[in-house]
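K.L.:
There's a structure below that I have some questions on.
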Amino acid sequence: MGEPSPFLIRAGGMGLEDRGEADFMAFNEAEELGLDLRRYWWILQKNLVLALAVPLVFVAIVALRDLMATPLYTATAIVLIHSNGPAIFDPTALSPSVRGGEDVGDGSSSETDYETQYELLRSRSLATAVIMSEGLANDSTFTGTDPGSPRRTTTTLTRASLDNLVNGYLSSLKITPVEKTRLVRVGFTTRHPELSARLANAHVQQFINQGIVLNAQTSDEAARFLQQKLAQIKAQLQESELALNNYRRDKGIIPGLISLNGSQDVVLGRLDKLSGQVQDAHLKVIELGTQLTLIDRGRADALAAVIDSGLVQRLRGELDSLDARYSSVATQFKPNYAPVRELQTKINRTRRLLSQEIASVASGVRAEHAAALGKEKELQRELEKQKEFALGLNDAAVRYTILAREADTNRELYNAVLKRLKDVSLVADVHASRVSIVDAAVPPLASASPKTSRDLLTAGVFGVVAGVLLCFLLDYSDNRLKTPEEAQRYLRVPVLATIPNLKKLSGAVGSQQQLEHGTGADGGVALSYSGRSLDSEVYRSLRATLLLSRAGSPPKTIVITSAEPNEGKTHTAVYSAIVFAHTSSRVLLIDADLRRPSCHRMLTMKNHHGLSEALAGTAGLEEVIQSTSIASMFFLSSGKLPPNPAELLASEKMIESLRALSVQYDHIVIDTSPILRVSDALFLGAIADGTVVVVDAPATPKQHVKEALSRLSRARANVLGILFNKIRAGGFGYSYYTSYQYTNGYDASGRKSDENEGKLASI
């Protein structure tokens, strides 16, 4: 009970969370690279058929659509919209009273005015007028109906039918303002070039006629309005002139003998003078009142007269000097000292003189303020007297001026309106338009749509873009680990080696290499492994990585596992043991997969007694370890399948056995069960020097691999890295497998090459 769990026992190494930055140097470099153009090119190559098929489909669809489409012809007329309408009125001739106190614009068209004209060109009323004038309701070339159908008149044409005709008409109409000009393109599209030109010109002409009608309506309405206003103004003029004559007679006013504006009257001049004097006196009182306020607040020393007084300034200077002397002496002598008393007496006397002088100035200010108040009152009384005299004198003149001005205003207004009415009468029959035709529409020679070449080019471009995006989308949605860089970035563990799909590659090399390789019909691996096959080269690279995976000394006990079954862990364990044996080291291969053992089948060896018997105590380790035909390589099979594999592998007997075996052998390679299916690999990973996770790159989801690594990390297993297995030859980053797979002494046909004949040196 007091013994530690095998999960907490470590033979050495670090967990995933404890790895240093040196273990992930390749990952950091891949992170810094950002965009890998070679990977993108590989994605496109992998989905080349899809990338080419999408644009071809796009082009085929567009080509079919254009072949089946009816040709349409667009005729365009260009019109000029003037900035000014017909000059019927001269707004500058109207007085402000006529214009209501506002200036009338000069007729220049603003941006809003042009937008209004564009909307009028698109209006349903204009479209209806063209349909009626051109008889389009019965035009089979426009409506696409049978020429022999009954003719429809305005009375028989229903509202719904008319709306359909207008909607069809407006859908064929296109109004396009020419940028930075007053020109407008009026285009019309139909299936017949002559009809398109006719309707474009008819639309422009109808728009001009509509403008003329609107201008005529404006002239008629203006004439009626002016006639009504003229009658009102005439009555007002008569009333104002009559009132002026009656007032002149009642007051005995003779025009020319009285000043109506008061500018030459002596009385008004006197009033102006008195008003100025009263204002000056009032300002004087305010100024002196401000000084009295300072005196009442005890701030008489702040008065301007006090500040400007030479005597006050002199007394203040003496007082400051005496205070300074007294402060200097008082720090050295007592107050009853004679010189100190004498200084104090002088200070008191100077202060009294200063206060007296300030009080004298304050008394003068009070007296001056009282005098100013009296003067202001006298001037105010005199001003009131003059005002009463002036008001009585000018009452008659003011009233006379008001009546005269009203009569003059009414007369001016009457004359202006009378002149405008005559102008309107003269131009009543002149109805100009703001629109001029610059270019009339002509039947087009070529169809406006479909534009087959443009459509095919556009379809091809969009198809290429869509095909490329679809390729990348499919690649993005693929949840498998496709490259070592992606694996390192996602799993945060190094990739120890990448193993291509050896079955496909060996098929390309030929039967001769298989014989040297030693692969039998039953899938086993001959123990007379020559070391010249492609497999040996791949696993030599793995062996070198494992030997250099840990500082100080390489890991002795290595667990080979995977996330799921059938990922190649057993194949990797067997071949790893073989390449380790090629270094003349004593190597022990342990089949610790006590659920589905298969190492003995690959090695074509017996599995009567093995690890399960040794852990159960029914046999000794030396009894169950088998030697192989490969020098310095030994094999410990799984033995009989036990009912409790996890308990056996997590037992103290397993830990003691590995310790004992690590003394006898230089390297121990352990094949164990998949991590996500059972927990056997977690027990072994916790007590081994290192763990290698085999990943079937084309099949295993990356989430499964990450979960497997997470479980190993929680079990405190030292994960050396992952083995990228079954990579497609020729894929991204792996083309060298196909270009260098014959360096082991065979050419592409599987025959021995004289130039390449020889054995590979062992690492």
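The values are calculated or read from the model by the stated rules, or taken from the named source; none is laboratory data. Only a predicted model underlies this, so the values are computations on that prediction, with no experimental measurement involved. Note: ideal-geometry Cβ built from the backbone for every residue, glycine included; neighbour counts use all protein chains shown.
K.L.:
Between P555, P597, which is within 53 Å of the chain's Cα centre (by Cα) and modelled with pLDDT of 85 or more?
P.N.:
After applying the criteria, what remains is P555.
K.L.:
Select from the stretch 662-686 the residues that are among the β-branched types (V, I, T) and surrounded by fewer than 24 Cβ atoms within 10 Å (Cβ to Cβ) and write down the one among them that is farthest from T572 (Cα to Cα).
P.N.:
Only one residue tops the list, namely V663.
K.L.:
One residue is enough: does the stretch 635-658 have a residue meeting the conditions more than 60 Å from the chain's Cα centre (by Cα), aliphatic (A, V, I, L, M) and farther than 30 Å from H704 by Cα?
P.N.:
So far as the stretch 635-658 goes, no, none of its residues is more than 60 Å from the chain's Cα centre (by Cα), aliphatic (A, V, I, L, M) and farther than 30 Å from H704 by Cα.
K.L.:
Then there's this: Please list, ordered by first then second residue, the pairs with beta carbon atoms under 8 Å, 6 or more apart or interchain, first in the stretch 312-338 and under 26 Å from S360 (Cβ atoms), second of a type in the set (K, R) and in a helix (DSSP H, G or I).
P.N.:
If the second residue must be of a type in the set (K, R) and in a helix (DSSP H, G or I), the pairs left are L319/R351; L322/K346.
K.L.:
Given the conditions (1) over 30 Å from L195 (Cα atoms); (2) modelled with pLDDT of 80 or more, which single one is not true for L35?
P.N.:
(2)
K.L.:
Let me ask something additional. So which residues in the stretch 363-384 are more than 12 Å from H282 (Cβ to Cβ) and of a type in the set (S, T, N, Q), if there are any at all?
P.N.:
S363
K.L.:
From F225, F207, grab the single residue that is in contact (Cβ under 8 Å) with a residue 24 or more places away in the chain and among the aromatic types (F, W, Y).
P.N.:
From the options F225, F207, the qualifying one is F207.
K.L.:
Moving on to the next point. State which residue is modelled with the lowest pLDDT when the search covers only the stretch 689-744 and only residues that are crowded, with 19+ Cβ neighbours inside 10 Å and of a type in the set (D, E).
P.N.:
Restricting to residues being crowded, with 19+ Cβ neighbours inside 10 Å and of a type in the set (D, E), the top hit is D696.
K.L.:
Now a separate question. Count, please, the residues in the stretch 630-658 that happen to be assigned to a loop (DSSP other than H, G, I, E, B), of a type in the set (G, A, S) and at pLDDT 90 or above.
P.N.:
Matching residues across the stretch 630-658 total 6.
K.L.:
Would you mind finding the one in V579, V574 that is part of a helix (DSSP H, G or I), within 21 Å of D680 (Cα to Cα) and of a type outside the set (S, T, N, Q)?
P.N.:
After applying the criteria, what remains is V574.
K.L.:
If you take the residues in the stretch 593-611 that are surrounded by 24 or more Cβ atoms within 10 Å (Cβ to Cβ) and in contact with an Asp or Glu (Cβ under 6 Å, 6 or more places away or on another chain), which one is nearest to K702 (Cα to Cα)?
P.N.:
Selected residue: D593.
K.L.:
Scan the stretch 49-61 and tell me whether some residue there is at pLDDT below 80 and either in a helix (DSSP H, G or I) or farther than 19 Å from K419 by Cα (or both).
P.N.:
Checked against the condition, which is being at pLDDT below 80 and either in a helix (DSSP H, G or I) or farther than 19 Å from K419 by Cα (or both), the stretch 49-61 yields no hits at all.
K.L.:
Additional query: State all residues of the stretch 330-345 that are part of a helix (DSSP H, G or I) and exposed (fewer than 15 other Cβ atoms within 10 Å of the Cβ); if no residue qualifies, say none.
P.N.:
Of everything in the stretch 330-345, those that are part of a helix (DSSP H, G or I) and exposed (fewer than 15 other Cβ atoms within 10 Å of the Cβ) turn out to be A330, A338, P339, R341, E342, T345.
K.L.:
Let me ask something else. Name the residues in the stretch 605-634 that are touching a residue at least 24 places away in the same chain (Cβ under 8 Å), out of contact with any strand residue (DSSP E or B) (no Cβ under 8 Å at 6 or more places or on another chain) and of a type in the set (S, T, Y), would you?
P.N.:
Listed by number, the residues that qualify are S612, S629.
K.L.:
Any residue at all in the stretch 444-456 that is at pLDDT 85 or above, surrounded by 13 or more Cβ atoms within 10 Å (Cβ to Cβ) and farther than 30 Å from L52 by Cβ?
P.N.:
Yes, there is a match, as at least one residue in the stretch 444-456 is at pLDDT 85 or above, surrounded by 13 or more Cβ atoms within 10 Å (Cβ to Cβ) and farther than 30 Å from L52 by Cβ.
K.L.:
Going residue by residue through the stretch 667-677, is there one that turns out to be more than 26 Å from R601 (Cβ to Cβ) and of a type in the set (D, E, K, R)?
P.N.:
No: the stretch 667-677 contains no residue that is more than 26 Å from R601 (Cβ to Cβ) and of a type in the set (D, E, K, R).
K.L.:
Identify, by number, the condition in (1) farther than 30 Å from R411 by Cα; (2) at pLDDT below 85; (3) aromatic (F, W, Y) that Y169 doesn't meet.
P.N.:
For Y169, the failing item is (2).
K.L.:
Out of the residues in the stretch 38-48 that are more than 18 Å from G460 (Cα to Cα) and under 30 Å from the mean Cα position of the chain (by Cα), state the one that is modelled with the highest pLDDT.
P.N.:
W41
K.L.:
Hey, another quick one. Residues in the stretch 537-571 that are hydroxyl-bearing (S, T, Y), buried (at least 21 other Cβ atoms within 10 Å of the Cβ) and either part of a strand (DSSP E or B) or touching a residue at least 60 places away in the same chain (Cβ under 8 Å) (or both): how many?
P.N.:
4
K.L.:
Could you pull out every one of the helices (runs of 4 or more DSSP H) wholly within the stretch 586-628 that has 2 or more residues that are under 20 Å from D666 (Cα atoms) and assigned by TED's automatic domain parsing to the domain that holds K556?
P.N.:
621-624
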